[in-house]
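Written below as structure tokens is the structure these notes are about.
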Amino acid sequence: MYSKGHGGNIYDEAINYDFSVNTNPLGMPEDVKEKLKENLGDICEVYPEETCYELRKSISLKENISEHQIICGNGASELIYGLVRAIRPQKALVVVPSFSEYIRALRAEDTQMVYYHLAPERDFIVAEDIMSYLTPDIDMVFLCNPNNPTSSQIDRQSMRIILDTCKEKGIFVMVDETYVEFSEKADEITSIPLTNYYNNIIILRGISKFFAAPGLRLGYAICGNHQLLQDIDSKKNPWTINSLAAVAGEIMFQDKEYIHDTKELISSERRRICSILDKCPNIKYYPPHGNFILVRILRDDVTSMDLFEAAIRKGLMIRDCSTFPFLDNKYIRFCFMNPADNDALLDVLFEQLNK
């Protein structure tokens with residue numbers, strides 16, 4: 001009856017609060033909503049600007065890089081598939097568990113895959129042993145930072161070490177930074193500055209999570225390899241960025257108050273919720289760096305489905321992580337929302353875990 005997979009099921013009236021989709025609890029910025037209303041007529045009257053120049057200019061100001069290093073797409077997913085089509089890797093290394101679209105995109109190109117398994121005993125952190133997987137027959141590596149669903153992250157120095165080895169062996173690296181803006185130290189974690197020094201890395205971003213706008217379908221990639229950006233662009237359909245998404249992107253990236261308020265809320269709730277979870281002996285959580293947390297159930301007689309169904313009965317939805325490859329029915333994930341909503345969810349989970 002209910003979807004446990006990618007995204008949530010907000011269309012079912014029984015769900016009041018969806019903790020499974022990892023979107024910003026503040027909702028879309030109000031000035032963006034007003035601007036969208038003002039520009040509704042553009043849909044009927046004009047084609048979108050195909051090169052997305054103004055949008056790319058807005059992104060370049062936000063990220064402090066040249067607009068020539070940016071390509072926009074219909075969500076980050078379009079760029080994932082476009083990147084794989086452009087590179088056409090014969091063999092790719094995928095860090096797991098992670099976002100399932102990487103594997104789907106690689107399967108679409110019949111790419112052979114090797115998996116680097118994040119270990120729960122190391123808090124699902126990418127460790128030095130990943131270097132042994134970076135063999136000359138690997139064409140491409142997929143990283144998510146912070147990673148979904150584990151909420152673990154890779155620091156920039158570790159990323160440089162990976163990039164140096166990959167460059168030496170002719171390996172291209174994709175880093176999905178969908179959640180990096182929620183990180184406590186986003187400026188120190190993002191790999192965007194590295195695109196000025198490495199031509200074997202591309203960074204993916206989107207507006208679905210941080211700016212709570214999944215329906216607008218706007219993503220962007222940043223890369224210092226201009227030939228690769230041209231190859232990706234040549235394989236995209238024209239006008240994949242609709243007029244409203246372009247308008248939204250041109251203003252939302254400059255909304256400093258919204259960005260500040262979001263970071264403050266998520267940081268505060270992340271610390272508060274972890275302190276509460278510390279007191280529950282029947283679970284283990286993994287240190288979160290995104291706006292969500294991965295929790296392992298330690299009781300033998302309770303499964304992720306038990307907690308999922310208990311939450312559903314209260315009109316709440318969490319992610320049963322047994323749907324992620326390489327996780328089992330002892331893991332759940334939920335995002336951080338407003339304090340009262342978070343408390344309501346914790347009450348439901350603790351009722352099941354402590355009875």
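What a 1.4 Å probe finds exposed on the chain is 49% carbon and sulfur by accessible area, rounded to a whole percent. Helix content alone sets the calculated 222 nm mean residue ellipticity of the chain: runs of n ≥ 4 DSSP H residues at -39500 (n - 2.57) each, divided across all residues, give -11000 deg cm²/dmol. Near Val141, the amide H atoms lying under 5 Å from its own belong to Leu93, Phe172, Val173, Met174; only residues 5 or more places off or on other chains count, and H is placed 1.01 Å from N. Compactness check for the chain: Cα Rg over 2.2 N^0.38 Å is 0.99. When the trypsin sites (Lys or Arg not before Pro) in segment 138-229 are filtered for DSSP coil states and for at most 15 other beta-carbon atoms within 10 Å of their beta-carbon, the remaining sites are Lys169, Lys185. Projecting the Cα positions of Leu118, Ile87, Pro29 onto the charge dipole of the chain (unit charges on Cβ atoms of Lys, Arg, Asp and Glu, taken about the Cα centre) puts Leu118 furthest along the positive direction. Model label sites at Lys37 and Arg85, defined 7 Å from Cα along the beta-carbon direction, differ in position by 3.8 nm. What the phi angles of segment 92-100 give under the Karplus curve with 6.51, -1.76 and 1.60, with θ = phi - 60°, is a coupling list of 10, 9, 10, 7, 10, x, 7, 5, 5 Hz, glycine and proline written as x. Amide hydrogen proximity for Ala14: with H placed 1.01 Å from N in the peptide plane, no residue at 5 or more positions away or on another chain lies under 5 Å. When peptides 25-33, 314-322, 274-282, 233-241 are ranked by their average number of other Cβ atoms within 10 Å per residue, the highest-first order is 314-322, 25-33, 233-241, 274-282. Charged neighbours of Leu134, selected by a Cβ distance under 12 Å, balance to -3 (K, R count +1; D, E count -1). Karplus-derived 3J(HN,Hα) values for segment 347-355, using 6.51 cos²θ - 1.76 cosθ + 1.60 with θ = phi - 60°, are 4, 5, 5, 5, 4, 6, 6, 9, 7 Hz; glycine and proline are entered as x. In summary, the lysines within cross-link reach of Lys91, defined as a Cα separation below 20 angstrom excluding same-chain residues under 8 places away, comprise Lys167, Lys169.
3J(HN,Hα) along segment 239-256, derived from phi through the Karplus expression 6.51 cos²θ - 1.76 cosθ + 1.60 where θ = phi - 60°, amounts to 6, 7, 9, 6, 4, 5, 4, 4, 4, 4, x, 5, 10, 5, 5, 9, 7, 5 Hz, with x in place of Gly and Pro.
Distance between the modelled labels on Lys284 and Ile251, one decimal in nanometres: 4.8 nm (7 Å Cα→Cβ projection).
Taken per residue, the accessible surface of segment 310-355 reaches 38 Å², heavy atoms only and a 1.4 Å probe. Less than 5 angstrom separates the built amide H of Tyr285 from those of Arg296, all sequence-distant by 5 or more or on a different chain. Here segment 222-327 is assigned +1 on the Cβ of each Lys and Arg and -1 on the Cβ of each Asp and Glu. Its dipole about the Cα centre then comes out at about 300 debye.
The values are calculated or read from the model by the stated rules, or taken from the named source; none is laboratory data. Bear in mind the structure is a predicted one, so any value in this text is a computation, not a measurement. Here the Cβ is made from the backbone with ideal geometry for all residues, glycine too, and neighbour counts use every protein chain on show. Areas reflect the complete protein model, heavy atoms only, side chains present, ligands, DNA and RNA absent. Shrake-Rupley method; radii C 1.70, N 1.55, O 1.52, S 1.80 Å.
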